[in-house]
2 protein chains.
Amino acid sequence: MTQTLEPAASPVDARQKLFNAQDTFIRRWGEMGQTWGINRTMAEIHALLYITAQPLCTDDVMERLHISRGNASMNLRALCDWGIIRRLHKRGERREYFESLSDVWEIFSIIAAERKRREMDPVLETIKQCRSMLDESHLGKTAARLPEIQATRQRLEGMQEFVEVTNKIFQQFVSNARSGLNRIVRVLLKAL
Amino acid sequence: MTQTLEPAASPVDARQKLFNAQDTFIRRWGEMGQTWGINRTMAEIHALLYITAQPLCTDDVMERLHISRGNASMNLRALCDWGIIRRLHKRGERREYFESLSDVWEIFSIIAAERKRREMDPVLETIKQCRSMLDESHLGKTAARLPEIQATRQRLEGMQEFVEVTNKIFQQFVSNARSGLNRIVRVLLKAL
DNA sequence: GTATACTTTCAGTAATCTCTGAAAGATCGG
DNA sequence: CCGATCTTTCAGAGATTACTGAAAGTATAC
């Protein structure tokens, strides 16, 4: 009679359900990673470490995600390079464990900082370079005033402004992460 | 003597230099697209239409980017579907032209809105689903209190909060685009 | 030193994504 | 209706990216 209101809750059952829930999350996270230019497996490994909230070793990861040792090793290393997971040595154990940072805000700040550096900064550099290719000192006054050239120059300016502002937002995001990112967020949401 | 201070500026020269600058931008933009999960050619086509600031037809695009008709056609269509370029019929002309939206803020608002819908919303959905798989009504009181399960639940909560706030920021970004996005930006940058 | 336990690397393979080109499908003027 | 012009589609080819598994490398205990 008690069983009609309370689902069966043997530890084995519960563990199975926990795994199901975790896998659901991991799969979805992997899919999302792909559309953001992060390879599926890397995203899945990170999701696994984040969601289980405990250190796992290479074999745990291999087994759980059905991937090879090489694949696991390379992606774990890449995640360490990004700085969003950490290596961990358990005393008395030979093998290495890995754990995810626990603060989502910190994780995404790190990613934001890195992508800004790798992707936004070079674009900004290129835009500036293109603009200089089209200024008077390179083309002469007359040519620089051709309508096509003026038009392209204007578009470059528009794009530069956008990238610069976006960069600043990224910067703020990053520099506020550790000390409670919520400030940035509250300001944003209340002010608008 | 005038030529020593003023670079040669024949229209042909100038056009060549314009093309060089445009190509530089286009290539860089294509590279960036890739790392953000947008295929290189699509990014390049958009960059071309944006930077030339004038309507181009399929053949113009094919020739300029050295791509096939099929490729051009499919990617132009995809860009139209996104809503960041527009079809344009010139009177008296049979063929179709395409032009990019000119306001960068609008372009990125559209992209942000679409990616939110396609990627963030499903993730949020999944997180909620996972949480419900782990609540008391599905596991029973005792099981729901196992430390592993509590830990995963907490991580899901942390992620959900993050996604929700990010969603709101996206939303604001989008709804402010047309009416001068600068408000959002000024608020952000001054407040911090 | 050797044996053991674990990690990393990388050449080859597999999977995925992108592009081409030709054929089929539109659309329009006459 | 036809012929001309332009667009779309899609099967197959090509290019890129990701994965495996075995061999080489590293670290520790003894």
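Structural remarks
- The protein assembly as shown: projected area of the alpha-carbon convex hull, averaged over directions, in nm²: 26.8 nm²
- Using the Karplus relation 6.51 cos²θ - 1.76 cosθ + 1.60 with θ = phi - 60°, the per-residue 3J(HN,Hα) values for segment B:51-65 come to 6, 6, 6, 8, x, 10, 9, 3, 5, 4, 5, 3, 5, 5, 9 Hz, with x marking Gly and Pro.
- Note that segment B:14-26 has calculated 3J(HN,Hα) couplings of 4, 4, 4, 5, 4, 4, 4, 4, 4, 4, 4, 4, 4 Hz, one per residue in order, obtained from phi through the Karplus relation 6.51 cos²θ - 1.76 cosθ + 1.60 (θ = phi - 60°); glycine and proline are x.
- Whether segment B:95-181 is rounded, prolate or oblate, judged on the alpha carbon gyration tensor where a/c under 1.5 counts as rounded: prolate
- J(HN,Hα) series, segment A:66-80, from Karplus relation 6.51 cos²θ - 1.76 cosθ + 1.60, nearest Hz, glycine and proline x: 6, 10, 6, 4, x, 4, 4, 4, 5, 6, 5, 4, 4, 5, 5
- Anisotropy class of segment B:8-100 from Cα gyration tensor, a/c 1.5 cut: oblate
- The solvent-accessible area of A:Asp81, taken with every protein chain present and a 1.4 Å probe, is close to 110 Å².
- Residues whose placed amide H lies under 5 Å from that of B:Cys57, excluding near-sequence neighbours: B:Phe98
- Across A:Lys141/A:Lys168; A:Lys168/B:Lys128; A:Lys90/A:Lys168; A:Lys90/B:Lys128; A:Lys116/B:Lys168, pairs whose alpha-carbon gap is larger than 30 Å: A:Lys141/A:Lys168; A:Lys168/B:Lys128; A:Lys90/A:Lys168; A:Lys90/B:Lys128
- Shielding by partners for peptide A:29-38, expressed as the average number of C-beta atoms from other protein chains within 10 Å of each residue's C-beta, is 4.
- Solvent-accessible surface (1.4 angstrom probe) belonging to A:His138, in square angstrom, nearest 10: 90 Å²
- For chain B, the longest site-free run once trypsin sites (Lys or Arg not before Pro) in DSSP loop states with at most 15 other Cβ atoms within 10 Å are removed: B:1-89
- Global geometry of chain A, whether rounded, prolate or oblate, following the gyration tensor of its Cα atoms and the 1.5 cut on a/c: prolate
- The alpha-carbon of B:Lys17 sits under 16 angstrom from the alpha-carbons of these aspartates and glutamates, leaving out residues fewer than 8 places away in its chain: A:Asp135, A:Glu136, A:Glu148, B:Glu6.
The values are calculated or read from the model by the stated rules, or taken from the named source; none is laboratory data. Here the structure is a predicted model, which is why all the values come from computation and not from measurement. Cβ: placed from backbone, ideal geometry, glycine included. Neighbour counts: every protein chain shown. Ligands, DNA and RNA are stripped out before the accessible areas are found, and what is left, the full protein with its side chains, is counted by its heavy atoms. Shrake-Rupley method; radii C 1.70, N 1.55, O 1.52, S 1.80 Å.
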